[in-house]
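Notes for the one structure printed next.
The values are calculated or read from the model by the stated rules, or taken from the named source; none is laboratory data. Here the structure is a predicted model, which means the values were calculated and not measured. Positions of Cβ are generated from backbone atoms using ideal geometry, with glycine treated the same way; all protein chains shown enter the neighbour counts.
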Ligand SMILES: [Zn+2]
Ligand SMILES: [Zn+2]
């Protein structure tokens with residue numbers, strides 16, 4: 001069993017500690033064939049990547065791909081976009097979508113919502129479900145619907161840490177993702193997908209990626225947590241897109 005790529009790593013362009021080059025060097029040391037640089041989308045008000053920097057990153061990655069051509073690694077430019085509205089709006093536009101290689105999407109706190117109403121639900125009601133369980137079901141379904149609308153509107157490849165940050169109906173997400181050919185992430189830095197949620201998602205036919213979500217070069221390719229959950233959930237390896245035998 002071998003991990004061939006890490007499709008979720010952060011750099012100093014958001015709040016990671018390493019440069020793109022340092023992440024790439026780390027990926028080579030781990031024997032990976034591909035690495036995606038996916039910093040947080042621009043709506044994250046603390047550490048979202050600045051839109052103009054995405055164009056800089058494109059140039060940097062194109063040069064690094066040439067430089068590392070003979071070292072057996074391919075570097076992809078991505079973004080870990082944020083859901084910013086319940087109509088499924090995300091925080092990257094076509095200018096960005098047209099130049100990136102891979103689009104990741106997830107829920108995060110600390111983003112600038114599309115409207116005050118969207119913000120109220122996402123960033124006030126979601127944390128409140130912990131103390132007011134009465135709203136949990138309603139909020140879960142609302143979050144789920146927004147994410148499904150988003151994957152139907154944008155060319156999303158992977159939904160990051162589904163169920164972390166915002167509660168989701170994993171069965172509904174799995175079915176919708178399967179229909180669109182979108183994968184769910186087993187994130188090694190977050191508890192989701194959990195073993196239980198992997199089992200639920202497996203029944204929908206959806207495929208998975210296991211990623212590090214590294215915020216330091218040392219963590220690139222570190223997927224032990226995720227791989228342990230894959231094993232515990234009994235997920236067949238052929239359903240994990242970045243693992244081969
Ligand atoms: Zn994330
Ligand atoms: Zn991340």
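Summed over region 12-28, the residues that are within 14 Å of ligand 1 (Cβ to nearest atom) and touching a helix residue (DSSP H, G or I) at 6+ places or on another chain (Cβ under 9 Å) give a count of 1. So residue 111 passes all but one of these: (1) more than 17 Å from residue 206 (Cα to Cα); (2) away from ligand 2 (no atom under 16 Å from the Cβ). Which condition number does it fail? Result: residue 111 passes all but (2).
Of note, residue 96 satisfies the criterion of being more than 16 Å from ligand 2 (Cβ to nearest atom), at pLDDT 85 or above and crowded, with 20+ Cβ neighbours inside 10 Å.
Hey, can you tell me all the residues within region 29-69 that are within 16 Å of ligand 1 (Cβ to nearest atom), more than 18 Å from residue 5 (Cα to Cα) and either touching a helix residue (DSSP H, G or I) at 6+ places or on another chain (Cβ under 9 Å) or in a helix (DSSP H, G or I) (or both)? So that I can check it myself, show each step before the final result.
Of region 29-69, the ones within 16 Å of ligand 1 (Cβ to nearest atom) are 36-49.
If we keep only those that are more than 18 Å from residue 5 (Cα to Cα) as well, we get 40-49.
Once the filter is applied, which keeps residues that are within 16 Å of ligand 1 (Cβ to nearest atom), more than 18 Å from residue 5 (Cα to Cα) and either touching a helix residue (DSSP H, G or I) at 6+ places or on another chain (Cβ under 9 Å) or in a helix (DSSP H, G or I) (or both), region 29-69 yields 41, 42, 49.
How many of the residues making up region 191-206 are surrounded by fewer than 20 Cβ atoms within 10 Å (Cβ to Cβ) and in a loop (DSSP other than H, G, I, E, B)? Here the count works out to 5. Taking region 158-182 as the range and being surrounded by 23 or more Cβ atoms within 10 Å (Cβ to Cβ) and within 15 Å of ligand 1 (Cβ to nearest atom) as the test, the residues that pass are 158, 159, 160, 161, 162, 163, 166, 168.
Within 30 Å of residue 216 (Cα to Cα) and over 16 Å from the mean Cα position of the chain (by Cα): which single residue out of 123, 135 fits that description?
Details: 135 fails: within 30 Å of residue 216 (Cα to Cα).
When all the criteria are applied, what remains is 123.
Within region 80-163, which helices (runs of 4 or more DSSP H) (wholly inside it) include 1 or more residues that are touching a strand residue (DSSP E or B) at 6+ places or on another chain (Cβ under 7 Å)?
Output list reads 94-97, 136-153.
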